[in-house]
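K.L.:
I have a structure here, written as structure tokens, and I will follow up with some questions on it.
The values are calculated or read from the model by the stated rules, or taken from the named source; none is laboratory data. Worth saying up front: this structure is predicted, and the values here are computed from it rather than measured. Glycine gets a Cβ as well: all are built from the backbone with ideal geometry, and neighbour counts include every protein chain shown.
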Amino acid sequence: MPRNDIDRIREKIRLRRYDMSAHSMEEMAEDMLTILDVEAAILSGQVIRVEKDDPRGTRYVVVGTAIDQQTPVGIVGRFTSNGRYLIITVYEVTELEI
């Protein structure tokens, strides 16, 4: 049985088979988030949107909760050709996006 998208993404996070773009690191710091917040958000979150319009590959928008269990965090990423998950950007979700 094929696994759903969030399960595949969570597996990459748990196995530490993911990378973060320079942009995602900058955005994470700008919103005062940590890598633990990003991991917690993915592990607790859900895929809210799948974007298939990028020629580099399908992007998954995940929204979950930071390690404080209160701060909503959005993560955009994609699977790469080498089997890893690339986190493209990270942001604190505003009430308008929820």
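K.L.:
Could you identify the single residue in 67, 75 that is modelled with pLDDT of 95 or more and under 11 Å from the mean Cα position of the chain (by Cα)?
P.N.:
Of 67, 75, the one residue that is modelled with pLDDT of 95 or more and under 11 Å from the mean Cα position of the chain (by Cα) is 75.
K.L.:
Among the residues of region 73-93, count how many are closer than 18 Å to residue 11 by Cβ, out of contact with any Ser or Thr (no Cβ under 7 Å at 6 or more places or on another chain) and not small (Gly, Ala, Ser).
P.N.:
6
K.L.:
Looking at residue 6, is it surrounded by 15 or more Cβ atoms within 10 Å (Cβ to Cβ), β-branched (Val, Ile, Thr) and touching a helix residue (DSSP H, G or I) at 6+ places or on another chain (Cβ under 6 Å)?
P.N.:
Against the criterion (surrounded by 15 or more Cβ atoms within 10 Å (Cβ to Cβ), β-branched (Val, Ile, Thr) and touching a helix residue (DSSP H, G or I) at 6+ places or on another chain (Cβ under 6 Å)), residue 6 does not qualify.
K.L.:
Moving on. For region 42-98, what are the residues that are among the hydroxyl-bearing types (Ser, Thr, Tyr) and either surrounded by 12 or more Cβ atoms within 10 Å (Cβ to Cβ) or more than 21 Å from residue 29 (Cα to Cα) (or both)?
P.N.:
Passing the criteria: 44, 58, 60, 65, 71, 80, 81, 85, 89, 91.
K.L.:
Something else: Determine the pairs where a residue that is in contact (Cβ under 8 Å) with a residue 12 or more places away in the chain, located within region 52-63, has a partner that is part of a loop (DSSP other than H, G, I, E, B) and surrounded by 14 or more Cβ atoms within 10 Å (Cβ to Cβ) with Cβ atoms under 6 Å apart, the partner being 6 or more residues away or on another chain.
P.N.:
Cβ pairs passing all conditions: 62/45; 63/45; 63/93.
K.L.:
List pairs: first residue in region 12-34 and surrounded by 12 or more Cβ atoms within 10 Å (Cβ to Cβ), second residue of a type in the set (S, T, N, Q) and at pLDDT 95 or above anywhere in the structure, Cβ distance under 7 angstrom, at least six positions apart or on different chains.
P.N.:
Listed pairs, sorted by first residue: 23/89; 24/89; 27/89.
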